[in-house]
1. What is the order of 94, 111, fewest Cβ neighbours within 10 Å to most?
2. Residues of segment 34-59 with the amide nitrogen closer than 18 Å to a label point 7 Å from the Cα of residue 28, along Cα-to-Cβ, please.
3. How far is the Cα center of segment 28-63 from the Cα center of segment 91-119, in Å?
4. In the P(r) worked out for the chain, what percent of Cα pairs fall beyond 34 Å?
5. Taking neighbour Cβ counts within 10 Å as the exposure measure, how do 7, 189 sort from fewest upward?
6. Provide the percentage of antiparallel DSSP beta bridges, counting only those with both residues in the chain; round to the nearest 5.
7. Assuming a ≥ b ≥ c are the square roots of the Cα gyration tensor eigenvalues, decide whether segment 46-128 counts as rounded (a/c under 1.5), prolate (otherwise, with a/b larger than b/c) or oblate.
8. Can you compute the FRET efficiency between residue 162 and residue 133 using 1/(1 + (r/R0)^6), with r the Cβ-Cβ distance and R0 = 41 Å? Round to the nearest 0.05.
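All of the numbers you see were taken from the coordinates with simple rules; none came from a lab. This one's a predicted model, so the numbers in the text were calculated from it and none came from an experiment. Positions of Cβ are generated from backbone atoms using ideal geometry, with glycine treated the same way; all protein chains shown enter the neighbour counts.
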């Protein structure tokens, strides 16, 4: 499987439906991989492949919800579109609460399915970009020295250089040096940006006083 393009995975025990859906999706220029069971899909799945999953609720081995839970436990995230011939409301609600991107019933209208797939692939691309950016922020944070990380915590608490120096028993000039290095290593052009980055990697929690107003900068309570 090529990792540079989006893929759609179909897991359904109906071979005729797999063929029909595969031809429809392939006609849109998307690479399709079809499987008749959850175990076949898991055996072929690569961590590096991107895309979305069209998943039948009722399967011969693991059911759709069990497969979905297995993917989540393994950290193999991808948007899931449940497709079922038993589209009752409780089942659809269960799917959405579990984190599914969508829940469609058989027979599904072609435009509805293709629209759902397009949205799921956009969501996957957005999420993948966010994960790459977050991993980079973690790498930057881990590059800080223990003292720089300590200074960063004080900056996030809204303390001035003089206050930080007093707390740490170092000069204000030394604090300024550490502060400059923290901002440079984290790639933050402002304290507000540093706070947003810190929230994103879990160094501080959104909604706390520290992330509301820092050094006179109003910071949104979200990452």
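1. Taking fewest neighbouring Cβ atoms as first place, the list is 111, 94.
2. 34-35, 50-56
3. The distance from the Cα centre of segment 28-63 to that of segment 91-119 comes to 15 Å.
4. Counting every Cα pair in the chain, those more than 34 Å apart make up 38 percent.
5. Least crowded to most crowded, the residues run 189, 7.
6. 10
7. Because a/c hits 1.5 or more and a/b fails to exceed b/c, segment 46-128 counts as oblate.
8. Given R0 = 41 Å and the Cβ-Cβ separation, E is 0.75.
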